[in-house]
Amino acid sequence: MAEAKDGCVTPAKGPILKPEGQPSTPSQAYKEEPKMIAQVGKPAPDFEASAFFEGGFKSIKLSDYKGKWVILCFFPGAFTFV
Amino acid sequence: MACSTDSRFVHKIWHEEELSKMVPGGIPFPMLSDGGGKIGQVYGVYDQDAGVDIRGRFLIDPDGVIQAMEVVTPPVGRNVSEMIRQTKAFQHVRKTGEVTPSGWQPGKPTLKPGPDLAGKVWKVWKPDMAF
């Protein structure tokens with residue numbers, strides 16, 4: 001867990017999509033309106049996001065979970081009842 | 001892992017105030033912040049009018065491939081048993097190459113696709129097995 005250097009705003013890298021013919025790096029994270037590309041049977045779009053985990057804040061990248069089964073659940077917000 | 005448009009600070013307080021009281025020991029997976037909904041847009045779950053990610057669930061295998069997805073509007077909660085059943089079914093398929101018929105549960109008969117089975121599924125699978 002990163003200590004001390006945490007600020008008010010941490011830019012989320014968000015979706016990491018490969019531009020045509022170029023290797024993907026976090027600095028090439030999608031800057032424009034992303035389009036839906038998630039499809040069953042196709043690679044899950046990679047992303048990096050700041051997260052709350054095990055009592056602290058850390059950055060989580062989907063592709064770091066290669067080799068494991070992952071369930072990714074989106075929800076409308078904290079305290080939303082159901 | 002879970003993901004919403006809330007900040008990580010909101011996740012922390014929700015965890016402290018409510019979730020840790022529902023789940024002994026706290027939530028064992030990361031709660032991700034998708035400010036602006038860009039990740040949600042790529043996954044097709046971002047509601048632009050409300051500015052939030054709606055309830056979408058994606059099962060991703062060890063190769064990083066999406067095997068299943070379910071997206072529902074906010075007022076209806078998920079069925080976690082079905083999510084676990086699907087996960088076990090995909091794990092079984094990945095391990096054995098067999099396929100699982102409708103309503104399959106761990107331990108129940110699977111199917112081995114091939115010419116011998118074509119047109120003969122009725123012999124080994126009955127509609128009441130779907131429930």
Q. What pairs can you find where one residue is in the range B:3-17 and facing another protein chain (nearest Cβ under 8 Å), the other is among the β-branched types (Val, Ile, Thr), and their Cβ atoms are less than 8 Å apart, with a gap of 6+ or different chains?
A. B:CYS3/B:ILE39; B:SER4/B:VAL52; B:THR5/B:VAL52; B:ARG8/A:THR10; B:HIS15/B:ILE27
Q. Looking at this structure, is B:PRO28 farther than 30 Å from A:GLY41 by Cβ and not β-branched (Val, Ile, Thr)?
A. no
Q: Test B:VAL72 against the stated conditions and say whether it is under 16 Å from the mean Cα position of the chain (by Cα) and more than 7 Å from chain A (Cβ to nearest Cβ).
A: yes
Q: Check whether at least one residue in the range B:36-44 is at positive phi, surrounded by fewer than 16 Cβ atoms within 10 Å (Cβ to Cβ) and either modelled with pLDDT under 95 or more than 7 Å from chain A (Cβ to nearest Cβ) (or both), and report yes or no.
A: yes
Q) Within the set of pairs 6+ apart or on separate chains, which have a first residue in the range B:49-61 that is farther than 14 Å from B:ASP34 by Cα, a second that is small (Gly, Ala, Ser) and assigned to a strand (DSSP E or B), and C-beta atoms under 6 Å apart? A) B:LEU59/B:ALA68
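The values are calculated or read from the model by the stated rules, or taken from the named source; none is laboratory data. Note that this is a predicted model, so its numbers are computed, not measured. Note that we place each Cβ from the backbone using ideal geometry, even for glycine, and neighbour counts take in every protein chain shown.
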